[in-house]
Amino acid sequence: MEIKQSLEKFMKTHQGHHFLQIPGPSPVPERVLRAMNKQVIDHRGPEFSRLGKEVLEGCRTVFKTSDPVVIYPSSGTGAWEAAIVNTLSPGDKVVMVETGHFATLWRQMVARWGIDVDFVPGDWRRGADPATIEAKLAEDRARSIKAVMVVHNETSTGATSRIAEIRKAIDKVSHPALLMVDTISSLGSVDYRHEEWAVDVTVSCLQKGLMLPPGLGFNAISKKALAASKTNKMPRSYWDWQEMLKPNVNGFFPYTPATSLLYGLREALAMLIEEGLEAVFARHQRLGAAARAAVRGWGLEVHCLEPAEYSPVLTAVLMPPGHDADQFRKIVLDNYNMSLGAGLSKLAGRVFRIGHLGECNELTLVAALTGVEMGLSAAGVPHLAGGVGAAMEVLEGRGDANSWPPLKVAAG
Ligand code: PLP
């Protein structure tokens, strides 16, 4: 009997498609998987040079910049470190904002490099406040603050900071601080403009909006950041921008590059450019609005409190008191073969996160939300029926028209 039950459970949980609905790594499209399934080539040869140039150019399109973008074999954390060691010196002062778990980790890293961090406290339920940053910089009459460092999309909370407004806040007080932005979970999914917003270092990586397996980290580098890198005092070798920039001109890398990931990146960039970046951003907005409609339909609470900062990439959902989010996620995984994102550090057990980024489309989202709704019932979490229906209304263009771009309806 026991064997029969566990066999039934095995059949139930392992049939069909696994729904990877965490906010990154996001599922890798078939097209990208196929593009990576190729023999490696001579990384000093002419074919590689073409690949390197094409990928570096495609990255500039997606970062929206004519500035150089460097690519490291690393996760996003490596790209954070590269941004720090190329621009700052021990003892420098920077301003960071406590938007959540990832902002807190970046702060720890900065502190380990001997940098003096003014960490603006936050409640982990909204993005970085431009007015607070403006006030901090206005107070700094000696102009000793060297950088403002913010996370664009805080993956632990589902709040997206308003980078264009932060830029304006810095300009309003004519402060020379560098602006450094972590776009690890926003690039390729959320509107982002490295050059127009005069960001000095944009940090990113592969495994979220770019729809690849983990393994490459990015720095997009403004002229001002490049100038800072010529005089800053932080020791570095592997991460040194200059080492990268020289061979990059001809599509090459100073060290053995991650060729297979670069094949995949070329394909993923082509997919984003074919769909059109604005269409990609609008799709994510629509999916985010639908996910939030579902949460409200269930009578649950979206963790982010600021509507202007709702993330198009993920929705963090607060569990009702007395219910454990990790237990709920386990029930969803066991019963419906779907992975939802865990609450991180101080949100552990209190929130679960629904990822809707990368290759996600309307039906993927509706299926994922259906799994959440069935999981809430299976876990005995009090909720209202009809969240999925509310999401469908939004996706059909019948829901709350204020929270997502209206769909185009075909004539006739
Ligand atoms: N920053 C943000 C916003 C993230 O979401 C993550 C990872 O999820 C990181 C930094 C760390 O990136 P990695 O785990 O690739 O080192």
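Condition check for ALA138 on (1) without any contact (Cβ under 8 Å) to a residue 60 or more places away in the chain; (2) buried (at least 17 other Cβ atoms within 10 Å of the Cβ): one failure, at (2).
Can you say whether SER66 is within 12 Å of the ligand (Cβ to nearest atom), in contact (Cβ under 8 Å) with a residue 12 or more places away in the chain and among the hydroxyl-bearing types (Ser, Thr, Tyr), as far as the supplied structure shows? Considered against the rule, which asks whether it is within 12 Å of the ligand (Cβ to nearest atom), in contact (Cβ under 8 Å) with a residue 12 or more places away in the chain and among the hydroxyl-bearing types (Ser, Thr, Tyr), SER66 comes out as no. On inspection, ILE84 does not qualify as touching a helix residue (DSSP H, G or I) at 6+ places or on another chain (Cβ under 8 Å) and either assigned to a loop (DSSP other than H, G, I, E, B) or modelled with pLDDT under 95 (or both). Sub-8 Å Cβ pairs linking a first residue in region 142-170 that is of a type in the set (Asp, Glu) to a second residue that is within 16 Å of the ligand (Cβ to nearest atom) and assigned to a loop (DSSP other than H, G, I, E, B), at least 6 apart or interchain, are GLU154/THR99; GLU154/GLY100; GLU154/TRP124; GLU154/GLY127; GLU154/SER161; GLU154/SER311, ordered by first then second residue. Inspection of region 58-78 finds a residue satisfying the criterion of being assigned to a helix (DSSP H, G or I), more than 18 Å from the chain's Cα centre (by Cα) and within 28 Å of ARG236 (Cβ to Cβ). Do we find a residue being more than 23 Å from the chain's Cα centre (by Cα), modelled with pLDDT of 95 or more and away from the ligand (no atom under 16 Å from the Cβ) anywhere in region 210-224? So far as region 210-224 goes, yes, one or more of its residues are more than 23 Å from the chain's Cα centre (by Cα), modelled with pLDDT of 95 or more and away from the ligand (no atom under 16 Å from the Cβ).
Which of the residues spanning region 216-236 are crowded, with 19+ Cβ neighbours inside 10 Å, closer than 16 Å to HIS194 by Cβ and either without any contact (Cβ under 8 Å) to a residue 24 or more places away in the chain or not hydrophobic (A, V, I, L, M, F, W, C) (or both)? Residues satisfying the conditions are GLY217, ASN219, SER222. Please indicate, with yes or no, whether at least one residue in region 263-274 is within 16 Å of the ligand (Cβ to nearest atom) and over 23 Å from LEU20 (Cα atoms). Among the residues of region 263-274, not one is within 16 Å of the ligand (Cβ to nearest atom) and over 23 Å from LEU20 (Cα atoms), which makes the answer no.
Quick one: is GLY58 more than 10 Å from the ligand (Cβ to nearest atom), within 23 Å of GLU267 (Cβ to Cβ) and surrounded by 17 or more Cβ atoms within 10 Å (Cβ to Cβ)? Talk me through it step by step, then tell me what you get.
On the way: more than 10 Å from the ligand (Cβ to nearest atom): yes; within 23 Å of GLU267 (Cβ to Cβ): yes; surrounded by 17 or more Cβ atoms within 10 Å (Cβ to Cβ): yes.
Considered against the rule, which asks whether it is more than 10 Å from the ligand (Cβ to nearest atom), within 23 Å of GLU267 (Cβ to Cβ) and surrounded by 17 or more Cβ atoms within 10 Å (Cβ to Cβ), GLY58 comes out as yes.
Could you say whether any residue in region 301-310 is closer than 30 Å to TYR72 by Cα and over 20 Å from the mean Cα position of the chain (by Cα)? No, every residue in region 301-310 fails to be closer than 30 Å to TYR72 by Cα and over 20 Å from the mean Cα position of the chain (by Cα). Of the strands (runs of 3 or more DSSP E) lying entirely inside region 99-198, those containing at least 2 residues that are at pLDDT 95 or above, within 16 Å of the ligand (Cβ to nearest atom) and closer than 20 Å to GLU306 by Cβ are 145-151, 178-182.
Counting just the residues of region 391-412 that are more than 26 Å from LYS330 (Cβ to Cβ) and small (Gly, Ala, Ser), which one comes out modelled with the highest pLDDT? Show your work before the answer.
Residues of region 391-412 that are more than 26 Å from LYS330 (Cβ to Cβ), as a first pass: 392-412.
Subset that is small (Gly, Ala, Ser): 397, 399, 401, 403, 410-412.
Values: GLY397: 91, GLY399: 74, ALA401: 50, SER403: 53, ALA410: 51, ALA411: 45, GLY412: 38.
Checked region 391-412; the qualifying residue modelled with the highest pLDDT is GLY397.
If you go through region 71-91 and pick out every residue that is more than 16 Å from the ligand (Cβ to nearest atom) and either in contact (Cβ under 8 Å) with a residue 60 or more places away in the chain or of a type in the set (S, T, N, Q) (or both), you end up with 5. Name the residue that is farthest from ALA82 (Cα to Cα), counting only residues in region 237-266 that are surrounded by 15 or more Cβ atoms within 10 Å (Cβ to Cβ) and without any contact (Cβ under 8 Å) to a residue 12 or more places away in the chain. Per the criteria, the residue is PRO247. Picking from residues in region 87-107 that are closer than 18 Å to SER204 by Cα and among the polar types (S, T, N, Q), the one that is nearest to the chain's Cα centre (by Cα) is THR99. Listed by first and then second residue, the pairs with beta-carbon distance under 7 Å, at least 6 apart or on different chains, first residue in region 94-109 and of a type outside the set (Val, Ile, Thr), second surrounded by fewer than 22 Cβ atoms within 10 Å (Cβ to Cβ) and part of a loop (DSSP other than H, G, I, E, B), are GLU98/PRO121; GLU98/GLY122; HIS101/LEU344.
The values are calculated or read from the model by the stated rules, or taken from the named source; none is laboratory data. As the structure is a computational prediction, the values presented were derived from the model and not from experiment. Ideal geometry is used to build each Cβ from the backbone, glycine not excepted, and the neighbour counts take in all protein chains shown.
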